[in-house]
Amino acid sequence: MVRANRQTPSLFGEEVEPPAEVTPAPPGLYAKVALNRPVPTEFTYDVPERFRERIAVGSRVAVFFGRRRQVGVVVALDERTDVARGKLKALSELLDDEPLVREELLDLTRWIAERYASSWGEALAAILPAALKRESQSKRVLVVRAATDVGKEQLQELEENFPKQHRLLRTLLDLEGRIELRDVLRNLNLSDSPARTLEKRGWVVIEKVAAEVDGLDSARPSERVRPEHLSPHQEAALGALEGALQDGEYRGFLLEGVTGSGKTEVYLRCIETALAQGKSAIVLVPEISLTPQTVGWFRSRFGEVAVLHSRMTDAQRLVMWMRLQKGEVRVVVGARSAIFAPLSELGVVVVDEEHEPSFKQGSVPRYHARDVALERCRRSKAVCILGSATPSLESWHAAASGELTTLSLPERVGGGTFPSMHVVDMRLERERGKGPPLFSRLLRTFLKETVADGEQAIFFVNRRGFIPVLWCRGCEETIRCDQCSMAMTFHKRIAKLVCHGCCEERAVPAACPACTRPGLTFLGFGSEGVERTLRETWPELRVRRMDSDTMRRREDYEEALSAFGRGEIDVLVGTQMIAKGLDFPRVTLVGILAPDQSLSLPDFRASERTFQLIAQVAGRAGRASLPGRIVIQTSVPDHPTLKLAAKGDFRAFAEHELRDRFALGYPPATRLVRILLEGPDEKLVQATGAELHERLVAALRTTTLELRGPEVAPISLLRKRFRYEIIVVSPPDDPGLPHAVATARDFAAKQNRVRVGVDVDPMSLL
């Protein structure tokens, strides 16, 4: 079979003229098709006569690539081609009567491909619902549940010899209901093989069912009343935004507002103005903040609002996407990928909590939704609002440099007062000679008073599990996963060690595997440990834990928050998922336990993330008329980050941190590209890294870019794959950076045995 012709790419993926002796195909109609493949070029196909009147740029087509039939997007149509006669295949099918991808999104995805080291086809695949990347569009999904009468006996049978099946069946039994198959497999890092084996044994039931209505799509409008008056600071911010909308030109704003300052009301009023002008709006929020409460705020103001998020089924996302394409809904609220909503006449894009790392896509194309939002607004002549109480230092610096306009909301509205902050030095806390307790005396006193007054508390700890580290006093080694260079965490409920990198489980050893000394030492605590200690110390308390171990399904998360809102929970314990987006008026106490753990991470953003988390969690208390109290328990109370966080002084923190960033050459002083090499053969990974380094050195001789590495990555082994990295450090506007990105991308596309990932502007170096 003749292969589809591929234009010869240059270093930047541009087409190169074929040799002169090649006879081009005769005049006709030819389509350049972008396919979801890691090749930085498009592919030319002949357009059959029957498609010529209907085909257009932006249409989806089915084509053969090699022996496989794939769906691609037409990105150009030409009457002539330089492809050799007889080397072309014809389009197999035209899948759309009208273009599905508008010119604006085509141009935007081309920009994404160039900036974030992907092919145009990979960028287009990121914006389309999964159902539109296939020829058939199913409205049914696979769900799985434990079979009736399956329980402990079956679990015991599986535990020793079939650990993956055991993990899956135990999870399904814990859920006591069904879950979408792809979700549970992704959460447990499993293929579908264990599920299919359990199905054959009759221990689980896998069914294809009609896609249910998305819970967020059916969220009711909020009962929150539109305030009659805005604060002076809100009025000033809204005036600047409305003026930009009236001008009809692109403007980027950084809306810096303390928690409870009324940023959401400013968003709502700005969107009202845009809608009145006949324009549309997109609101991006971190995935975990996308709750019925959040959606309800926008529904109460605008009626029908589209919701896009990662937990939607393919069928749900397809229905919503097509409604937006037809112009039936003009306001979209969603997580990261909602920035690609197919809206016309875009007027405003809001990126709430713009500093959140969840706005960065982890897989190809590794785009940052905040930066894509700014670029989309620039191309659409729309207003972009980046909102945060603790802006990213990149956005803060951009505002200081004049790239963004700063709007400030320094005061709480609606009667809310700033909570009192208390920093407790846990080195001074002792309990009958046993060392520091889990809860300080001050926190215990405050908790008793809070519950006695009929109020609620939130306890935040940024680690899940019961005990995060098992340590040997003899050889001073930590118990680590065999497949990852990560410490294993003890989960008491299942009485096992769990690797949070690959999800593998292991029984707790009686002695150290390295030196055989008996009696391992348990160090630290996680969210499960905090929950259990609360229950044991105060059995009368109603305690609920929210982390990725307990919140397997979106409905679990929503049910827990609803119960908390109804006052059925006294203390909510959790990880980052309780740190943001929650607004409950009876929360008056927040305990932040061991925030210094995150300060020790080998990442230049460790201090910034710690400050932001403390500010976010602290912002959950005292949001109404009741005063709030924050207790920060730490072993390093004099750390500058914790001292400034306790004062709530973000400006001082930003100035201090930026001085360090510029001195050490980290963003925003520079831009980074992280190239991660992974493979099961460490020597081959090393050799591949050395080869890539040589290519980059040769390509960058005339630039001021700096190369660091190749060297072992901070997480040196993950899922049996050795990891090395090269970091490219560039001045922010160095023209050599796209050259480095293209060199790395082209090198990566040719590797078969070593996986090479190129991450432009990485959010983490772990």
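The values are calculated or read from the model by the stated rules, or taken from the named source; none is laboratory data. It should be emphasised that the depicted structure is a prediction, and the values quoted were computed from it without experimental measurement. Using ideal geometry, Cβ is built from the backbone for each residue, glycine included, and neighbour counts are taken over all protein chains shown.
Tallying residues that are among the β-branched types (Val, Ile, Thr), closer than 24 Å to Ser548 by Cα and in contact with a strand residue (DSSP E or B) (Cβ under 6 Å, 6 or more places away or on another chain) within region 152-209 yields 3.
The number of residues in region 154-171 being in contact with a His (Cβ under 8 Å, 6 or more places away or on another chain) and modelled with pLDDT under 90 comes to 1. Exactly one residue out of Val587, Val631, Val617 is over 30 Å from Val295 (Cα atoms) and among the aliphatic types (A, V, I, L, M): that is Val631.
Being within 16 Å of Leu520 (Cα to Cα) and β-branched (Val, Ile, Thr) is the filter here, so list the residues in region 478-497 that pass it.
As a first pass, look at region 478-497 and keep what is within 16 Å of Leu520 (Cα to Cα): 478-481, 487-492, 495-497.
Answer for region 478-497, where residues must be within 16 Å of Leu520 (Cα to Cα) and β-branched (Val, Ile, Thr): Thr478, Ile479, Thr489.
Condition check ((1) closer than 29 Å to Thr445 by Cβ; (2) out of contact with any helix residue (DSSP H, G or I) (no Cβ under 6 Å at 6 or more places or on another chain)) across all residues:
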site: Leu644; (1), (2): yes, no
site: Arg674; (1), (2): no, yes
site: Asp681; (1), (2): no, yes
site: Gln686; (1), (2): no, yes
site: Glu694; (1), (2): no, yes
site: Pro710; (1), (2): no, no
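Of the residues making up region 126-165, those that are under 13 Å from Trp203 (Cβ atoms), assigned to a helix (DSSP H, G or I), in contact with a helix residue (DSSP H, G or I) (Cβ under 8 Å, 6 or more places away or on another chain) and free of Cβ contacts under 8 Å to residues at least 40 places away in the same chain are Leu155, Leu158, Gln165.
Yes/no matrix, rows are residues, columns are (1) assigned to a helix (DSSP H, G or I); (2) under 28 Å from the mean Cα position of the chain (by Cα):
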site: Arg661; (1), (2): yes, yes
site: Leu672; (1), (2): no, yes
site: Leu684; (1), (2): yes, no
site: Gly689; (1), (2): yes, yes
site: Arg701; (1), (2): no, no
site: Pro714; (1), (2): no, yes
site: Leu717; (1), (2): no, yes
site: Glu725; (1), (2): no, yes
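Residues in region 250-272 that are closer than 14 Å to Ser300 by Cα, over 23 Å from the mean Cα position of the chain (by Cα) and either outside the structural domain of Phe298 (by TED's automatic domain parsing) or of a type outside the set (A, V, I, L, M, F, W, C) (or both): Glu265, Arg269, Glu272. Applying the condition of being in contact (Cβ under 8 Å) with a residue 12 or more places away in the chain and surrounded by fewer than 18 Cβ atoms within 10 Å (Cβ to Cβ) to region 647-657 and asking which residue is nearest to the chain's Cα centre (by Cα) yields His656. Within region 711-728, the set of residues being closer than 16 Å to Leu692 by Cβ and surrounded by fewer than 20 Cβ atoms within 10 Å (Cβ to Cβ) comprises Glu711, Val712, Ile727. Every condition in (1) surrounded by fewer than 20 Cβ atoms within 10 Å (Cβ to Cβ); (2) in contact with a strand residue (DSSP E or B) (Cβ under 6 Å, 6 or more places away or on another chain) is met by Phe466 except one, and the failing one is (1).
Condition check ((1) more than 25 Å from Leu438 (Cα to Cα); (2) touching a residue at least 60 places away in the same chain (Cβ under 8 Å); (3) among the small types (Gly, Ala, Ser); (4) exposed (fewer than 14 other Cβ atoms within 10 Å of the Cβ)) across all residues:
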| residue | (1), (2), (3), (4) |
| --- | --- |
| Gln633 | no, yes, no, no |
| Pro667 | yes, yes, no, no |
| Ile675 | yes, yes, no, no |
| Gly679 | yes, yes, yes, no |
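Taken over region 264-278, the criterion of being among the hydrophobic types (A, V, I, L, M, F, W, C) and exposed (fewer than 15 other Cβ atoms within 10 Å of the Cβ) is satisfied by Ala276 alone. With respect to Arg52, is the statement that it is in contact with a Phe, Trp or Tyr (Cβ under 8 Å, 6 or more places away or on another chain), assigned by TED's automatic domain parsing to the domain that holds Asp82 and modelled with pLDDT of 65 or more true? No: the conditions fail for Arg52. Scanning region 247-294 for residues being assigned to a helix (DSSP H, G or I), farther than 23 Å from Ser337 by Cβ and either free of Cβ contacts under 8 Å to residues at least 24 places away in the same chain or among the aliphatic types (A, V, I, L, M) (or both) gives a total of 3. The single condition among (1) farther than 27 Å from Thr610 by Cα; (2) crowded, with 18+ Cβ neighbours inside 10 Å; (3) more than 25 Å from the chain's Cα centre (by Cα); (4) of a type outside the set (Ser, Thr, Tyr) that Glu504 does not meet is (3).
For residues that are part of a loop (DSSP other than H, G, I, E, B) and hydroxyl-bearing (Ser, Thr, Tyr), scanning just region 603-644, find the one that is farthest from Pro714 (Cα to Cα). Reasoning before the result, please.
Here is the first cut: in region 603-644, the ones part of a loop (DSSP other than H, G, I, E, B) are 603-605, 619-628, 635-639.
Among the residues that remain, those that are also hydroxyl-bearing (Ser, Thr, Tyr) are: 625, 635.
Numbers: Ser625: 46, Ser635: 24 Å.
Among them, the one singled out is Ser625.
Screening Thr688 against (1) among the polar types (S, T, N, Q); (2) crowded, with 20+ Cβ neighbours inside 10 Å; (3) farther than 24 Å from Asp759 by Cβ leaves a single unmet condition, (3).
When region 37-69 is filtered for residues that are farther than 14 Å from Leu124 by Cα and either assigned to a strand (DSSP E or B) or small (Gly, Ala, Ser) (or both), the ones remaining, listed by number, are Phe43, Thr44, Tyr45, Asp46, Ala56, Ala62, Val63, Phe64, Phe65, Gly66, Arg68, Arg69. Within region 295-321, the residues that satisfy the criterion of being out of contact with any Leu (no Cβ under 9 Å at 6 or more places or on another chain), of a type in the set (A, V, I, L, M, F, W, C) and free of Cβ contacts under 8 Å to residues at least 60 places away in the same chain are Val305, Val319. The condition (being in a helix (DSSP H, G or I), surrounded by fewer than 17 Cβ atoms within 10 Å (Cβ to Cβ) and either in the same structural domain as Lys263 (by TED's automatic domain parsing) or in contact (Cβ under 8 Å) with a residue 40 or more places away in the chain (or both)) is satisfied by just one residue among Glu536, Glu555, Glu531: Glu555. The single condition from (1) of a type in the set (Gly, Ala, Ser); (2) out of contact with any helix residue (DSSP H, G or I) (no Cβ under 6 Å at 6 or more places or on another chain); (3) at pLDDT 95 or above that Ala341 fails is (2).
So is Phe564 surrounded by 17 or more Cβ atoms within 10 Å (Cβ to Cβ), assigned to a loop (DSSP other than H, G, I, E, B) and not assigned by TED's automatic domain parsing to the domain that holds Glu176 or not? Considered against the rule, which asks whether it is surrounded by 17 or more Cβ atoms within 10 Å (Cβ to Cβ), assigned to a loop (DSSP other than H, G, I, E, B) and not assigned by TED's automatic domain parsing to the domain that holds Glu176, Phe564 comes out as no.
Answer yes if at least one residue in region 249-263 is farther than 25 Å from Asp314 by Cα, β-branched (Val, Ile, Thr), crowded, with 20+ Cβ neighbours inside 10 Å and at pLDDT 95 or above, and no otherwise. No, region 249-263 contains no residue that is farther than 25 Å from Asp314 by Cα, β-branched (Val, Ile, Thr), crowded, with 20+ Cβ neighbours inside 10 Å and at pLDDT 95 or above.
Restricting region 322-345 to residues that are in a loop (DSSP other than H, G, I, E, B) and out of contact with any Ser or Thr (no Cβ under 8 Å at 6 or more places or on another chain), which is surrounded by the most Cβ atoms within 10 Å (Cβ to Cβ)?
The extreme case among them is Ala341.
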